[in-house]
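Undergrad: The structure's right below; bear with me while I get my questions together.
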Amino acid sequence: PVNLARSYGGINITPELSLSIGAVWACVWRYANTVMSLPLCLYRSGPDGTITKETTHPLYRILHYAPNQDMSSAKFIQAMVASMMTWGACYAKKLRIGGRLVGLRPMRPEYTTVYLDDAGRLRYRYQPPGDDDRNEDLSAEEVFVVIDRSMDGYTGLSRIQYAANTLGLSMAGD
């Protein structure tokens, strides 16, 4: 489900539409490209409070080298950060072989619905349009999630949705 925010300028603002504003485009990609270029490290906390670099965890290899067969680590991180900046969160399905984590496949946030099932367990419904084979209902254990800002701890707050009036007036002025 695509989130729309009707602005005072009368324009329905979506994160994708907002990228047509030069300042939004520049900010999102500058931030995503900067984070993409930073070194990636995982750390482990010891029982005595020490912190050591962790390079043997399966997630380190996946995030450091290649999260899936189609993307480099840099492109994956860039896409995830851009999703956080525009939608408020980024999601990726954990790919497993024999229960072992082997990769991450990005999930477009506009097609991801976060909800609690009848038992109160966190779930993710992924429904990209026109791709019935990819409609998935996933448990929290099956999804890698990073939330930018949140009021409930489950769903991200889109900076774009909160800036809809400013962005809409800017577009209407153009």
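The values are calculated or read from the model by the stated rules, or taken from the named source; none is laboratory data. Predicted, not measured: the structure shown is a model, and the values here were computed from it. Please note: Cβ atoms are built from the backbone with ideal geometry, for glycine as well, and neighbour counts cover all protein chains shown. All accessible areas refer to the heavy atoms of the entire protein, side chains included, with ligands and DNA or RNA removed. Shrake-Rupley method; radii C 1.70, N 1.55, O 1.52, S 1.80 Å.
Undergrad: Using a Gaussian network model on the chain with a 10 Å cutoff between Cα atoms, which of SER72, SER45, SER37 fluctuates the most?
TA: Among SER72, SER45, SER37, the largest GNM mean-square fluctuation belongs to SER45.
Undergrad: Starting from 0.36 nm per residue, how many nanometres of slack lie between SER37 and TYR162 once their C-alpha separation is accounted for?
TA: Working: separation 125, 0.36 × 125 = 45.00 nm, distance 2.79 nm.
Result: 42.2 nm gained on full extension.
Undergrad: Applying 1/(1 + (r/R0)^6) with R0 = 25 Å to the Cβ-Cβ distance of ASP70 and ALA23, what FRET efficiency is obtained, to the nearest 0.05?
TA: 0.25
Undergrad: Have a look at LEU95, LEU19, PRO129 and report the one farthest towards the positive end of the charge dipole of region 1-129, computed about the Cα centre with Cβ charges (Lys/Arg +1, Asp/Glu -1).
TA: LEU95
Undergrad: Divide by every residue of the chain the summed helix terms, -39500 (n - 2.57) for each DSSP H run of at least 4, and state the resulting mean residue ellipticity at 222 nm, rounded to the nearest 500 deg cm²/dmol.
TA: -9000 deg cm²/dmol
Undergrad: Right, next: Once ligands and nucleic acids are excluded and a 1.4 Å probe is used, how much of HIS64 is accessible, expressed in Å² to the nearest 10?
TA: 70 Å²
Undergrad: GNM, the chain, Cα, under 10 Å: largest mean-square fluctuation among CYS90, CYS41, CYS27?
TA: Judging by the Gaussian network model, the answer is CYS41.
Undergrad: Anyone know which of ASP118, ASP148, ASP48 comes out most mobile in the 10 Å Cα GNM of the chain?
TA: The residue with the greatest mean-square fluctuation here is ASP48.
Undergrad: Hey, what's the chain come to in accessible area per residue, 1.4 Å probe, Å²? Display every interim value, and only then the final one.
TA: Details: 10360 Å² over 174 residues.
Each residue of the chain exposes 60 Å² on average to a 1.4 Å probe.
Undergrad: Compute, for the chain, the length of the dipole vector about the Cα centre, with Cβ point charges of +1 (Lys, Arg) and -1 (Asp, Glu) only. Units Debye, rounded to 20.
TA: Values: 18 positive and 17 negative charges, 99 e Å.
Charge dipole of the chain: 480 debye, to the nearest 20.
Undergrad: Another one. Computed from these coordinates, which is percent of Cα pairs over 24 Å apart: [x] 49; [y] 46; [z] 42?
TA: Matching entry in [x] 49; [y] 46; [z] 42: [y].
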